[in-house]
1. Got a sec? Which of A138, A162 is assigned to a loop (DSSP other than H, G, I, E, B) and either more than 20 Å from A35 (Cα to Cα) or of a type outside the set (A, V, I, L, M, F, W, C) (or both)?
2. Among V128, V142, V53, V46, which is the only one that is more than 15 Å from the ligand (Cβ to nearest atom), within 25 Å of T6 (Cβ to Cβ) and open to solvent by less than 20 Å² (accessible area, probe 1.4 Å)?
3. If I go through the stretch 83-135 residue by residue, how many of them are in contact with a helix residue (DSSP H, G or I) (Cβ under 7 Å, 6 or more places away or on another chain) and hydroxyl-bearing (S, T, Y)?
4. Within the stretch 207-238, take every residue that is touching a residue at least 60 places away in the same chain (Cβ under 8 Å) and more than 15 Å from L263 (Cα to Cα) and give me the one that is most open to solvent (accessible area, probe 1.4 Å).
5. Which numbered condition in (1) without any contact (Cβ under 8 Å) to a residue 60 or more places away in the chain; (2) within 13 Å of the ligand (Cβ to nearest atom) is the only one that F87 fails?
6. Please go through (1) more than 18 Å from D74 (Cβ to Cβ); (2) away from the ligand (no atom under 13 Å from the Cβ); (3) in contact (Cβ under 8 Å) with a residue 12 or more places away in the chain; (4) open to solvent by 10 Å² or more (accessible area, probe 1.4 Å) for A190 and return the number of the only condition it doesn't satisfy.
7. Checking the conditions here, which among A81, A110 is open to solvent by less than 20 Å² (accessible area, probe 1.4 Å), within 16 Å of the chain's Cα centre (by Cα) and in contact (Cβ under 8 Å) with a residue 40 or more places away in the chain?
8. Could you go through the stretch 12-31 and let me know if any residue there is of a type in the set (K, R) and either within 15 Å of the chain's Cα centre (by Cα) or farther than 30 Å from N265 by Cα (or both).
Amino acid sequence: MQIIHTLAELREQLAPFRHPAVVPTMGNLHDGHIALVRRARPLGDVTVATIFVNRLQFAPHEDFDSYPRTLQADCEKLAAAGCDLVFAPSEQELYPQAQTFKVHPPAALADTLEGHFRPGFFTGVCTVVMKLLACTQARSAVFGKKDYQQLMVIREMVQQFAMPVDIVGIETHRSGDGLALSSRNGYLSAGERSQAAQLSEVLSSVAQALRAGDIDFPSLEVDALQNLAAKGWKPDYVAIRRQTDLQTPQPGDALVVLGAARLGNTRLIDNLEV
Ligand code: PAF
């Protein structure tokens with residue numbers, strides 16, 4: 001497996017390939033990321049993982065500085081998973097000058113849910129993903145459904161810009177107790193970790209109520225928020241949305257339940273399709 005830090009070398013190494021399959025990441029890889037790499041392998045003639053902690057998608061008060069950077073361990077996992085090439089640029093390499101051209105996703109999709117609580121987040125994500133897909137000349141790119149809204153925003157961006165990339169989403173990987181795998185789980189204390197699956201449990205109980213025919217969405221959302229708060233969480237949102245565009249559902253729509261909440265200082269997100 002090649003580990004590459006510069007665009008010039010990336011272009012040279014990728015020149016012989018017609019169909020790069022790319023997994024964009026911020027590193028600190030867990031089994032969920034490795035599943036993305038395994039999914040990517042049959043999709044192209046070369047499998048590329050990118051590792052870049054993207055300052056543009058972090059607000060000043062967020063965890064950009066403390067975000068775990070574990071390049072060597074990440075590369076060992078990627079090599080074992082059969083990744084061919086890792087592109088891990090420095091900030092100077094990817095953003096040699098201030099990135100003043102940015103991709104602003106539409107408010108209806110990107111200013112709700114995560115975008116409401118993390119203003120500018122999806123502009124940062126779209127800008128870096130657009131750039132990474134261009135740098136790697138991706139023909140397929142794989143993302144996790146844990147970041148459900150992110151996946152949707154990226155799909156829409158690629159479609160509206162007619163980018164020649166298939167966007168593939170894969171199911172969320174979970175620990176035995178149901179906690180969705182996330183690099184941020186590493187911030188949890190032992191006590192918090194033992195509580196952390198409560199987020200997926202609460203979303204599951206909303207999903208169960210929906211399956212049982214409950215259509216009082218506002219009450220289900222409020223009950224879930226109260227339930228989380230009673231367990232010591234600080235919830236940002238629990239929302240029942242339409243799967244296709246994350247808007248308020250109409251009768252008969254396929255649904256997804258999304259939630260974000262803080263346990264101590266750690267903000268976790270999760271979702272369940274119904
Ligand atoms: O999901 C992530 O890890 C990041 O948001 C991404 C897609 C790699 C862009 O920085």
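The values are calculated or read from the model by the stated rules, or taken from the named source; none is laboratory data. Since the model is a prediction, treat every value here as computed from it, not as a measurement. Neighbour counts run over all protein chains shown; Cβ positions are idealised from the backbone, glycine included. Note: accessible area is taken over every heavy atom of the protein model, side chains too, but ligands, DNA and RNA are not part of it. Shrake-Rupley method; radii C 1.70, N 1.55, O 1.52, S 1.80 Å.
1. Criteria check complete, one pass: A162.
2. Matching residue, one of V128, V142, V53, V46: V46.
3. Of the residues in that region, 1 qualify.
4. Applying the filter and picking the extreme gives R211.
5. In the conditions (1) without any contact (Cβ under 8 Å) to a residue 60 or more places away in the chain; (2) within 13 Å of the ligand (Cβ to nearest atom), F87 misses (1) alone.
6. It fails just one condition, (3).
7. A110
8. Yes, because at least one residue in the stretch 12-31 is of a type in the set (K, R) and either within 15 Å of the chain's Cα centre (by Cα) or farther than 30 Å from N265 by Cα (or both).
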